[in-house]
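None of the figures in this text is laboratory data; all of them are computed from the coordinates on show. Values in this document were obtained by computation on a predicted structure and should not be read as measured data. Neighbour counts are summed over all protein chains in view; Cβ atoms, including those assigned to glycine, are modelled from backbone coordinates with ideal geometry.
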Amino acid sequence: MSSYLRNAWYMAAFSDEVTGTPMARTLLDTELVLYRKADGAPVMLRDRCPHRFAPLSLGSVIGDDLQCPYHGLRFDPTGACSHNPHMKGGGPLKAAAVQSFLVMEKYGALWFWPGDAGRADPGLLPEIAFLSRPERFSVIKGYLHVRGNYQLVVDNLLDLSHASYIHPQFAIAGVDAEEALAHTKVKLERHERSLTNYRIRSGLPAPTPAKAMFGFADEAIVHTKTHMTWHAPALLDFDVGTWEANTPEEEGALIPQLHVITPETEFTSHYFFLNGRNRHQGDPQVDAALLKLFDSAFRQQDEPMISAVQSRMGRVSDIHELHPILLPTDAAPVTARRILAKLIAAEQQPAAAPSHGKRAPLSTDAR
């Protein structure tokens with residue numbers, strides 16, 4: 001089973017997926033159930049009754065509590081058993097409890113914290129500029145189930161050199177893959193919990209989708225940026241845009257994106273994405289065209305390739321255990337894996353034991 005970074009925010013669902021009806025979802029190899037209380041606040045519990053292990057997601061929400069479908073035990077949003085119908089008076093059964101998880105709602109999504117709730121820091125969820133500016137960007141969203149380890153998906157997003165080979169719909173008419181790569185400058189910037197892979201292509205015409213949807217002329221020479229910022233463990237802020245040479249970037253077609261990969265199991269992943277745009281806002285035809293474009297790229301091209309890679313890795317989830325050869329374009333994905341491995345290792349280190357001399361003073365935030 002994979003080791004995961006626990007003290008971090010993971011996306012669990014889009015906000016509109018979770019209602020007053022229980023919803024099952026497996027995250028980080030754990031079966032979970034989500035629902036909303038009467039006031040709309042989200043709840044996440046382990047999806048297993050402690051009595052006979054029935055899935056609580058098959059049960060019903062009674063008030064703010066979740067009732068087991070098998071024998072009727074009820075559990076409140078903290079996971080404590082609030083009602084035992086088999087006891088006189090139907091009081092709580094203190095011996096019965098299910099694990100609950102801290103959930104935060106932001107950017108139209110639910111984020112859960114699988115680690116120490118006392119260390120949960122809302123500030124570790126990065127600011128996503130385009131999702132904070134609804135007046136400037138229209139947003140569409142989508143979901144994909146991936147048959148591969150979540151870090152394979154991150155690798156795929158951090159090394160966009162593959163786009164010239166498996167995404168022909170993004171090609172530039174009359175320009176082959178090697179010429180496009182030759183016109184692309186790359187710079188990698190590393191941080192403690194993140195990195196940014198800057199990529200900008202100059203001196204060529206606009207990609208085919210930019211011409212079709214945003215009106216770039218065939219003869220126009222443009223700059224195209226595809227800057228990807230990865231935040232541990234698997235959130236990617238993708239800064240995309242195309243603008244004509246000798247014009248301000250702000251006047252171009254900007255298509256910022258958020259890609260969030262949450263492990264389902266060691267070998268499968270949830271892939272959530274949100275895409276903004278500053279042109280043709282609110283146009284349903286452009287919504288449909290973009291969704292079709294991204295569905296083609298993610299569902300029909302990226303996912304089958306990642307699934308095929310995972311199949312050739314057998315029962316190994318970490319590709320580096322198999323000693324792959326590396327190319328210069330692997331710098332960003334390799335760096336992200338190293339940062340994440342370092343964070344996981346630090347998190348798993350046992351706390352330093354106090355000396356046997358003087359007793360160490362008790363910290364005010366000791367837990």
Neighbours of residue 26 by Cβ distance under 10 Å: Lys/Arg at +1, Asp/Glu at -1, summed charge -3
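List the pairs from 106/141; 225/342; 187/211; 141/292; 211/292 whose alpha-carbon separation is above 20 Å, in the order I gave them. Display every interim value, and only then the final one.
Values: 106/141 14 Å; 225/342 30 Å; 187/211 27 Å; 141/292 12 Å; 211/292 16 Å.
In this structure, 225/342; 187/211 exceed 20 Å between Cα atoms.
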So for the pair residue 245, residue 347, with labels modelled 7 Å out along Cα→Cβ, what separation do we get in nm? 4.6 nm
Looking at the chain as a GNM with Cα springs under 10 Å, which of 278, 84, 197 has the largest mean-square fluctuation? 84
GNM of the chain, Cα pairs under 10 angstrom: of 39, 64, 239, the biggest fluctuation goes to 39
Which trypsin sites (Lys or Arg not before Pro) in the stretch 282-342 sit in a loop by DSSP (not H, G, I, E or B) and have at most 15 other Cβ atoms within 10 Å of their own Cβ? 315
From phi via Karplus (6.51, -1.76, 1.60), per-residue ³J(HN,Hα) for the stretch 204-209 in Hz, x at Gly/Pro: 10, x, 6, x, 3, x
Descending semi-axes in whole angstrom, ellipsoid equivalent of the stretch 61-124, from the Cα gyration tensor: 30, 13, 8
Taking the chain as the reference, fit the longest principal axis to its C-alpha atoms, fit the long axis of helix 303-312 to the helix C-alpha atoms, and give the angle between the two in degrees, 0 to 90, nearest 10. 70 degrees
Could you quote the convex hull projected area for the stretch 10-119, Cα atoms only and averaged over all directions, in nm²? 6.9 nm²
Qualifying lysines (Cα of each under 26 Å from Cα of residue 94; at least 8 residues distant if same chain): 37
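With charges only on Cβ, +1 for K and R and -1 for D and E, what is the dipole size of the chain about its Cα centre, in debye, rounded to 20? Write down the numbers at each step before the final one.
Values: 36 positive and 41 negative charges, 290 e Å.
That gives a dipole near 1400 debye.
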Restricting attention to the chain, give the cysteines that have no other cysteine Cβ less than 4.7 angstrom from their Cβ. 81
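Going by the alpha-carbon gyration tensor, a ≥ b ≥ c the square roots of its eigenvalues, is the stretch 130-347 rounded (a/c under 1.5) or, if a/c is not under 1.5, prolate (a/b greater than b/c) versus oblate?
Values: a/c = 1.67, a/b = 1.52, b/c = 1.10.
The shape class here is prolate.
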With Cα coordinates, the longest principal axis of the chain makes an angle with the long axis of helix 284-297, in degrees rounded to 10, of 90 degrees
When only C-alpha pairs under 8 Å and at least 6 residues apart count, what is the relative contact order of the chain, in percent? 17 percent
The stretch 65-97-the stretch 137-165 distance, computed between alpha-carbon centres (Å): 42 Å
Under 10 Å, Cα contacts only: if you run a Gaussian network model on the chain, which one of 256, 122, 233 comes out with the highest mean-square fluctuation? 122
For the Cα atoms of the chain, what angle does the longest principal axis make with the long axis of helix 331-348, in degrees from 0 to 90, nearest 10? 20 degrees
Would you grab the residues whose amide H sits under 5 Å from the one on residue 54? Only those 5+ places off in sequence or on another chain, please, with H modelled 1.01 Å from N. 49
